[in-house]
Each structure stands twice: as C-alpha cells, then as structure tokens.
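Below is one structure, written out as structure tokens; comments come after it.
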Amino acid sequence: MAETAETQQADGRQAARAERRAARLAKQIGAFAKAHGGAEGQLAYLGQMGTRIVLVGEDGGWGDLVAPSYAVAESAAQRSGITLHDEFDGEFAAKVHTGPYEWTRMAGIQVGGPSNKA
C-alpha cells in the first residue's frame, strides 16, 4: 500500500511538472505569435527527445521549441491558441520566409558550397 501511495505521489509530481512546462511553452509561443503578428504551428515527434513545436509567424518568421512529450507540446499549443497543422505541407511551408543566413547555411552544408562566415 505504501508503494501505491509513493507511486501516486510521484505521478502527481510528474503531472505538475508537465503542467508547468506546458505553461512555459505556451507563454513562449504566445510571445512569438505577438512578435510576428500571429502564428501557426505543427508538432513533429522526435522520439525519446520529445516533440518539436514548429512555429511560423504571419510575417514569415519561423522558429521552433522542443517539448519533453507530445502531450506537453499539444497542451502548450492549445493553451497559446495557435492553429496547428497536421503536416508541414507545401501551403504551410510556403509561408516561411528565409533570408541570406539560411541560404548560405544550407548551401554551406553542400560539398563545395559557400562557408557560413556571413
């Protein structure tokens, strides 16, 4: 019986930790949305690492956050009020604006591409 009480207490602490993490992520998502005139997102499962929350602002700015689990990421996105997409498809991806940094970074990964010393 003591083991059950300890397990319940540990589960309660873990749930409270997940709630706090979701609240922090929702606050960060909200700040991103405010800075970019609104935002939309997509959740991408990363395996044991957690879940990536990909954000795209109305102005084309983008970023991401990582949550410890899919449930925490989904809770954070719902709390923040952003629209979630099931996939990072062409229409959603087309909203992303990339600049010179991203292009030199991507090209620098290619053999013989420019270095990323901009």
Taking a label point 7 Å from the Cα of SER69 along Cα-to-Cβ, the residues of the stretch 17-60 whose backbone nitrogen sits under 12 Å from it are 17-22, 50-51
Of the accessible area of the chain, computed with a 1.4 Å probe and all protein chains kept, carbon and sulfur make up a percent value of 53
Within the set ALA26, ALA44, ALA93, GNM on the chain using Cα springs under 10 Å gives the largest fluctuation to ALA93
Of GLN14, GLN42, GLN78, the most mobile residue in a GNM of the chain (C-alpha springs, cutoff 10 Å) is GLN14
Residue span GLN28 to LEU46: 0.36 nm per residue of separation minus Cα-Cα distance leaves a gain in nm of 4.5 nm
Label model pair TYR101, ALA5: point-to-point distance (7 angstrom along the Cα→beta-carbon line) in nm is 5.4
In Å, the Kirkwood hydrodynamic radius from C-alpha pairs for the chain sits at 16.2
Mean-square fluctuation maximum in Gaussian network of the chain, Cα pairs under 10 Å, restricted to GLY37, GLY81, GLY12, hits GLY12
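The values are calculated or read from the model by the stated rules, or taken from the named source; none is laboratory data. Only a predicted model underlies this, so the values are computations on that prediction, with no experimental measurement involved. Neighbour counts run over all protein chains shown; Cβ positions are idealised from the backbone, glycine included. With ligands, DNA and RNA removed, areas are computed over all heavy atoms of the protein, side chains included. Shrake-Rupley method; radii C 1.70, N 1.55, O 1.52, S 1.80 Å.
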